[in-house]
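Chemist: Got a structure here, written out as structure tokens. Questions coming.
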Protein chains: 2
Amino acid sequence: MDQKIQMLLATVRKLIRRSALPNLANLLKKTHPADIAHLFRYLDINEQRTLFHLIDDSDVAAEVLSEIEHSSSAQLLAQIDKDTIVEVLQAMPYDDSVDIIQNMPEELAEEILSSMHDDESEEIEQLMLYREDSAGGIMSTEFFCLNQDLSVQQAIAALQEAEDAEMVFYVYVVDDERHLIGVLSLRQLLTVPPQRLLRDIVDTEGLISVRVDTDQEEVAQLVAKYNILAIPVVDDQNHLLGIVTVDDVIDVMRQEATEDFYKMAGASEEELLYGFKSFKIARLRLPWLITNLFGGVITGYLMWLFRMTLEQIIALVSFVPVITGMGGNVGGQSATIVVRGFATGRIDFSTLRKVFFKELRVGIIMGLVCGLVVGLVAVLWHGNIYLGLVVAVAMATAMTVAATTGVLAPTFFKRIGVDPAIASSPFVQTANDITGILIYFSTATLFLDKLSS
Amino acid sequence: MDQKIQMLLATVRKLIRRSALPNLANLLKKTHPADIAHLFRYLDINEQRTLFHLIDDSDVAAEVLSEIEHSSSAQLLAQIDKDTIVEVLQAMPYDDSVDIIQNMPEELAEEILSSMHDDESEEIEQLMLYREDSAGGIMSTEFFCLNQDLSVQQAIAALQEAEDAEMVFYVYVVDDERHLIGVLSLRQLLTVPPQRLLRDIVDTEGLISVRVDTDQEEVAQLVAKYNILAIPVVDDQNHLLGIVTVDDVIDVMRQEATEDFYKMAGASEEELLYGFKSFKIARLRLPWLITNLFGGVITGYLMWLFRMTLEQIIALVSFVPVITGMGGNVGGQSATIVVRGFATGRIDFSTLRKVFFKELRVGIIMGLVCGLVVGLVAVLWHGNIYLGLVVAVAMATAMTVAATTGVLAPTFFKRIGVDPAIASSPFVQTANDITGILIYFSTATLFLDKLSS
């Protein structure tokens, strides 16, 4: 928490304690909505309610509500009367109200929608039809577009009157049927003679747009690639439906990265919605843990199959953790590089062959080095040169295999249309444990007479 | 690779094969610089050189060069004569040329700097003094600022004449000493009477700026939080030095996320610079692997200390993988949540206590469930109820301990000023392996007589 928020929080708490509500209302007037939203993270539900009711400008309340994390906003809304909710929701851009309504309990959502103006609830219900992670699901429908037959002068006049349009920096130019023709920047508008028509100055080539069903990750990649501030969203007849602005893209990128981080650890970003509810969170993580548990039991069963070998040479057991552990590490590295490469677009199926062979080479080099080190440790520790050899060979082989699994597993998942991030940690680790143990004990069984001598 | 790039690539390759260079030059003229840069990923170095020399507009060449990945641009620059490099570097914004020069071999960089115009090389050397990951390291110095004593009309006139300013959407207003006074959007300029002075309309309250030494991650968080398109950078006397634009922020966020992904897997994003050079990449990953290797050997040594217990009850070995594996999984989940929470600002030291107890509770719940399951497996498999009990207790304890280590390790690293991401995977896993084995075998030794009966 930075100093600014810390001081603000202390003041807010003091004013609440003293019930100095008019002073608090004044303080809120001078505070940026994003900072008010930030405060909500540290306040309990009663303090949140008090604060929220003191915001008398419903535009500010709307901004605060759309900046709060979804887990807190659901909690907060349950404390507020319906009329206030409706009023606040009507003051925010449609795409934000859709987000909030989609996170409400179904009953409340229906009640809220039915108390809204018909045209607003229709617009919102229309937007709710798009997949949440598609361009349609994140686009704003309040944007600035003008007919191509207007003059620059008329365009500037329209711009001066426009009120609600979100973050105006581009003017989208359309024809009479609202087909997207091109785009102009505000600065371009200022630098051409006022009597020229938009159709004559608009840049139609190289216009970048996305379809309404484009995946949000792809939308984010396009905005990042072309360094643009907003991307227009069209239907399959090229009618302009909305725009995705760069601030939404930043949210998407952050959310997609968080999602991948969580998936790679075998968790789900859904748990962010549950705040501190341990049972719900545990229930989200358990299915994956139980799957891995059985993976671990299978690995154990394989060791059990080799118990004759193990009973004869108990020293073998001392290298089980290092062989499975290192396989997991190397596999995790390769998988991370591939998963992240897919997510950022650095790696695709056409470059995958090169990546595979690179990871294979890297795996072999690292396997040889680590095999040598651990082999030496084995010889020095147990004084048996054959044990050193077995451990070294098993380690090098297991690490090389792990590196290739690390590339192949996420690739396989990507191919069959499953998010590769889930493949990296759980599957790779279990697969590597199993192959590591198999390689280790098979090698050991092969050299059994030498080992026990 | 999307269809557009795929088709473009095929055409480019065909034209190169036929040596149809004029046609190729024409094609490049019609292609977006970001798309040309994208092509470079799939071309070999000779094709890259041919293509690059065919771009006759040095502004376009500059854009292409600054969009190419650093690993490829270093390779490409080695193939191009110095005069062309200087010309292209002079055509790009200073912050981009700094990036490229910093990635050159030192000798070449010096040579290039000395062949540039004095004022340009001075500006670049000035920028090179800032830390690469600070606001100063990513800011652009070509931005649009105006004196507060100008009228709106004069401001618009100045705007119409400005050429080079990067992505103009805000006008920064300064006083005679270039102190930052406030900011205006282009749209605001259009909606006030032309004769008013900037000082009277500029918003001075709630102005958001960063200091030149602010960490780039914090800059990105501010831009994301306040939904702004650019943030002004000032020195400690509030002189305006530059701006960080939202497209740079997107790059920073992506880069920081990639860095964290790599660190959590025990790799370094530095390897992206090495392309497909396996030895260099292996050398980057090995130190961490070797550290983990010794962690694994220590775990093995602990098992070895308990070899008397193990020799008596060989069945114990069949649960070693599952107990160390599950500890690693749970610890990894908690660590990921904390590391990502720090990175996005969701978690800070003031909320950490709550997070710790939440993860502890989640760890206990999951430990009990998994302990029960694996205990049952043990009873059914080996027909020994005491073995089931030992395995269940050890599993539940190990998972609970792992969950707390997962919170404490990254917190400790954050406290001592080390990036918490490096703490998550390696340290947590080794620590969990060790405590898991200790807990398991201590419990087993305690119940030794019951187990062997």
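The values are calculated or read from the model by the stated rules, or taken from the named source; none is laboratory data. Keep in mind that this is a model prediction, so the values were computed, not measured. Methodologically, a virtual Cβ is constructed for each residue, glycine included, from the backbone with ideal geometry; neighbour enumeration extends over all protein chains shown.
Chemist: Return the only residue of A:D164, A:D176, A:D200 being of a type outside the set (S, T, Y), at pLDDT 80 or above, in a loop (DSSP other than H, G, I, E, B) and exposed (fewer than 15 other Cβ atoms within 10 Å of the Cβ). Even if it seems obvious, please write down each step before you answer.
Modeler: Numbers: A:D164 fails: at pLDDT 80 or above; A:D200 fails: in a loop (DSSP other than H, G, I, E, B).
Of A:D164, A:D176, A:D200, the one residue that is of a type outside the set (S, T, Y), at pLDDT 80 or above, in a loop (DSSP other than H, G, I, E, B) and exposed (fewer than 15 other Cβ atoms within 10 Å of the Cβ) is A:D176.
Chemist: Across segment A:123-136, which residue is surrounded by the fewest Cβ atoms within 10 Å (Cβ to Cβ) among those that are part of a helix (DSSP H, G or I) and of a type in the set (A, V, I, L, M, F, W, C)? Show your work before the answer.
Modeler: Restricting attention to segment A:123-136, the residues satisfying the condition of being part of a helix (DSSP H, G or I) are A:123-128, A:135-136.
Checking the rest, the ones that are also of a type in the set (A, V, I, L, M, F, W, C) come to A:124, A:127-128, A:135.
On the way: A:I124: 22, A:L127: 23, A:M128: 18, A:A135: 27.
This residue is A:M128.
Chemist: In segment A:102-122, is there at least one residue being part of a helix (DSSP H, G or I), surrounded by 19 or more Cβ atoms within 10 Å (Cβ to Cβ) and under 23 Å from the mean Cα position of the chain (by Cα)? Step through it out loud before you land on a result.
Modeler: At the first step, the residues of segment A:102-122 found to be part of a helix (DSSP H, G or I) are A:102, A:106-115, A:118-122.
If we keep only those that are surrounded by 19 or more Cβ atoms within 10 Å (Cβ to Cβ) too, we end up with A:112-113, A:121.
Next cut, under 23 Å from the mean Cα position of the chain (by Cα) only: none.
No - not one qualifying residue is present in segment A:102-122.
Chemist: Kindly indicate whether any position in segment B:261-275 is on the phi > 0 side of the Ramachandran plot and within 7 Å of chain A (Cβ to nearest Cβ). Walk me through how you get there before you give the answer.
Modeler: As a first pass, look at segment B:261-275 and keep what is on the phi > 0 side of the Ramachandran plot: B:266, B:275.
This time we only want the ones that are within 7 Å of chain A (Cβ to nearest Cβ), so: B:266.
Yes - at least one qualifying residue is present in segment B:261-275.
Chemist: Here is a list: B:Q188, B:Q221, B:Q154. Which entry is within 17 Å of the chain's Cα centre (by Cα), polar (S, T, N, Q), more than 8 Å from chain A (Cβ to nearest Cβ) and surrounded by 15 or more Cβ atoms within 10 Å (Cβ to Cβ)? Before the answer, list the steps.
Modeler: Numbers: B:Q188 fails: within 17 Å of the chain's Cα centre (by Cα); B:Q154 fails: within 17 Å of the chain's Cα centre (by Cα).
Exactly one residue qualifies, and that residue is B:Q221.
Chemist: Of everything in segment B:201-218, what is closer than 18 Å to B:Y170 by Cβ and within 11 Å of chain A (Cβ to nearest Cβ)? Give them in sequence order.
Modeler: Step one: filter segment B:201-218 for residues closer than 18 Å to B:Y170 by Cβ, giving B:201-210.
Selection gives B:E205, B:G206, B:L207, B:I208.
Chemist: Is it the case, given these coordinates, that B:E142 is under 26 Å from B:D251 (Cα atoms) and either part of a loop (DSSP other than H, G, I, E, B) or free of Cβ contacts under 8 Å to residues at least 12 places away in the same chain (or both)? Can you show your working first?
Modeler: Details: under 26 Å from B:D251 (Cα atoms): yes; either part of a loop (DSSP other than H, G, I, E, B) or free of Cβ contacts under 8 Å to residues at least 12 places away in the same chain (or both): yes.
Criteria met by B:E142.
Chemist: Would you be able to say whether some residue in segment A:231-249 is touching a residue at least 12 places away in the same chain (Cβ under 8 Å), within 13 Å of another protein chain (Cβ to nearest Cβ) and under 21 Å from B:E259 (Cα atoms)?
Modeler: yes
Chemist: Do you know which of the residues in segment B:278-322 that are basic (K, R) and surrounded by 16 or more Cβ atoms within 10 Å (Cβ to Cβ) is farthest from the other protein chains (Cβ to nearest Cβ)?
Modeler: Quick first cut of segment B:278-322, residues basic (K, R) only: B:280, B:283, B:285, B:307.
If we keep only those that are surrounded by 16 or more Cβ atoms within 10 Å (Cβ to Cβ) too, we end up with B:283, B:285.
Details: B:R283: 9, B:R285: 6 Å.
Filtering first and then ranking leaves B:R283.
Chemist: In segment B:271-319, which residues are touching a Leu at 6+ places or on another chain (Cβ under 6 Å) and either of a type in the set (D, E) or closer than 25 Å to A:L360 by Cα (or both)?
Modeler: B:E271 - this is the single residue of segment B:271-319 that is touching a Leu at 6+ places or on another chain (Cβ under 6 Å) and either of a type in the set (D, E) or closer than 25 Å to A:L360 by Cα (or both).
Chemist: Here's a follow-up. So which residues in segment B:136-153 are in contact with an Asp or Glu (Cβ under 8 Å, 6 or more places away or on another chain), at pLDDT below 90 and of a type outside the set (D, E), if there are any at all?
Modeler: B:S140, B:T141, B:F143
Chemist: Can you tell me how many residues within segment A:60-103 are without any contact (Cβ under 8 Å) to a residue 40 or more places away in the chain, hydroxyl-bearing (S, T, Y) and within 21 Å of A:G137 (Cβ to Cβ)? I'd like the intermediate steps shown before the answer.
Modeler: Within segment A:60-103, the first condition is being without any contact (Cβ under 8 Å) to a residue 40 or more places away in the chain, and the residues that meet it are A:60-68, A:73, A:76-92, A:96-102.
Keeping just the survivors that are hydroxyl-bearing (S, T, Y) gives A:66, A:73, A:84, A:97.
Pick out the ones that are also within 21 Å of A:G137 (Cβ to Cβ) and you get A:66, A:73, A:97.
Result for segment A:60-103: 3.
Chemist: Output the residues belonging to segment A:221-253 that are of a type in the set (G, A, S) and either farther than 28 Å from A:E177 by Cα or modelled with pLDDT of 95 or more (or both). Reasoning before the result, please.
Modeler: To start, the set of residues in segment A:221-253 that are of a type in the set (G, A, S) comprises A:224, A:230, A:242.
Once the filter is applied, which keeps residues that are of a type in the set (G, A, S) and either farther than 28 Å from A:E177 by Cα or modelled with pLDDT of 95 or more (or both), segment A:221-253 yields only A:A224.
Chemist: Can you confirm whether segment A:326-334 contains a residue that is within 22 Å of B:I437 (Cβ to Cβ), facing chain B (nearest Cβ under 7 Å) and either within 22 Å of the chain's Cα centre (by Cα) or surrounded by fewer than 24 Cβ atoms within 10 Å (Cβ to Cβ) (or both)?
Modeler: Within segment A:326-334, one or more residues are within 22 Å of B:I437 (Cβ to Cβ), facing chain B (nearest Cβ under 7 Å) and either within 22 Å of the chain's Cα centre (by Cα) or surrounded by fewer than 24 Cβ atoms within 10 Å (Cβ to Cβ) (or both).
Residue by residue, here is whether (1) crowded, with 17+ Cβ neighbours inside 10 Å; (2) modelled with pLDDT under 85; (3) within 18 Å of A:N227 (Cα to Cα) holds:
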{"site": "B:A10", "(1), (2), (3)": "no, no, no"}
{"site": "B:A20", "(1), (2), (3)": "no, no, no"}
{"site": "B:D35", "(1), (2), (3)": "yes, no, yes"}
{"site": "B:I55", "(1), (2), (3)": "yes, no, no"}
{"site": "B:E69", "(1), (2), (3)": "no, yes, yes"}
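Chemist: Could you tell me which of the residues A:A224, A:A220 is more than 21 Å from B:G331 (Cβ to Cβ), out of contact with any strand residue (DSSP E or B) (no Cβ under 9 Å at 6 or more places or on another chain) and either part of a strand (DSSP E or B) or not assigned by TED's automatic domain parsing to the domain that holds A:F342 (or both)? Before the answer, list the steps.
Modeler: Details: A:A220 fails: out of contact with any strand residue (DSSP E or B) (no Cβ under 9 Å at 6 or more places or on another chain).
Result of the check over A:A224, A:A220: A:A224.
Chemist: Let me ask something additional. Go through segment A:263-284 and give me each residue that's without any contact (Cβ under 8 Å) to a residue 24 or more places away in the chain and among the hydrophobic types (A, V, I, L, M, F, W, C). Show your work before the answer.
Modeler: As a first pass, look at segment A:263-284 and keep what is without any contact (Cβ under 8 Å) to a residue 24 or more places away in the chain: A:267-271, A:276-284.
Once the filter is applied, which keeps residues that are without any contact (Cβ under 8 Å) to a residue 24 or more places away in the chain and among the hydrophobic types (A, V, I, L, M, F, W, C), segment A:263-284 yields A:A267, A:F276, A:F279, A:I281, A:A282, A:L284.
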